[in-house]
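So the structure is just underneath, and the comments pick up after that.
Throughout, read-outs are computed from the coordinates displayed, never taken from laboratory work. Not measured: the values here are computed from a predicted model. All Cβ positions, glycine included, derive from the backbone under ideal geometry; neighbour counts span all protein chains shown.
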């Protein structure tokens, strides 16, 4: 496995500006802020991993806030000082490392791995991990709208850069800018100052830009000590239909009635009617989904009788109020409350038996045969065969899926790579493997119900059962 492992999309970052003296030493000092936050999670022995697959074992001295054993690494990569080391920590015993050269852009990694590794170095591509460059602010009071990236970055990535750029900040907020291929300039950055605020931006000394090969550039910010500044807030700070949905409630007067439709308030239709599709997917608190519809002429939602079948009449009898949350797509989340306005969380999982005694129909599946390599302590990534592209195509590029077996539930992070058609489990495999007591030869069949491509039940078969 060549790509950098992670447990999710966002990692804590810290940087170290390498000096000539550092390259002659066998130790590096962790930033104090990083150690205050993570010292209890760090192992005494850890690994530093580069994008080409190079893994450097290091020792962690928590009392001195140091990592030791790095001199061989510096010598092998021929680092001279002036490089910026960008570390990403995802909460395991391995830290990803990206190296920004003295020219301001990510270096071309050497075609070698550690002497103790029995594998070949991987090919580092733009599509698998992006490419990085940094800019340093000299005038902390200036509001800038454009930047000129290093020439080495343009040489590496200019062929792929589109005219329209979507910038993504650490709090999830996005804004649109542009790239001019004639001047090799990124613009539209003034919006970042408006979004984050001048008082926050004032503390930023260095920006790290990560281009992922599409139209997206992730912007990370660091202070003068190279501690990451994570901008506060969420993408939902502005109340819009697209960013947080819109809600309405209905109250049941006849608790014995089985209803199939509701007429939402006129104010809700005024606000959201333009966006409502004909096909609606309802989502319950236990993760179960069912399909209904919206009639734009009568302004009526229908198909709700399925909820009574799924949950059961005895449970629905205790519901006095329903809260409907429309998220701007085809999905409406239904929450239920009793007469005292306490939420009623429906029991079960998306794959358990419905209240009417039926099980959800299987919508799709994929399977993995447990191999010897899957049992290793350092096996975090597991391939999903291209045979199952039909289910994989339903996922986002980074997708969390829930897997159920009996009373157990595990969460897996799945990564879909559009560029070369490979899907992998990136995190959660070891807990699933150990929790189910899997052995080599087991065939794991993951099945999801209709309309729920992120919810799976797992069946474990012996080879002779398949």
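Here are a few things to note about the model shown:
- Most to least packed among 110-120, 166-176 [average Cβ atoms within 10 Å]: 166-176, 110-120
- Highest mean first, the peptides 451-461, 42-52, 252-262 sorted by other C-beta atoms within 10 Å per residue fall in the order 451-461, 42-52, 252-262.
- Our estimate of slack between residue 278 and residue 323, defined as 0.36 nm per intervening residue step minus the Cα-Cα distance, is 14.2 nm.
- As a length-normalised measure over Cα pairs under 8 Å and 6 or more apart, the relative contact order of the stretch 373-417 settles at 30 percent.
- The ranking of 126, 276 by Cβ neighbour count inside 10 Å, starting from the fewest, reads 126, 276.
- Förster radius 35 Å - calculated FRET efficiency between residue 163 and residue 139 (Cβ-Cβ, nearest 0.05): 0.80
- Ascending count of other beta-carbon atoms within 10 Å, so fewest first, for 289, 431, 278: 278, 431, 289
- Potential lengthening between residue 252 and residue 349 on full extension [0.36 nm per residue; Cα-Cα distance subtracted]: 32.4 nm
- For 353, 67, the sequence from fewest to most other C-beta atoms within 10 Å is 353, 67.
- Here the simple spin-label model places points 7 Å from the Cα toward Cβ, and for residue 339 and residue 180 these points are separated by 7.0 nm.
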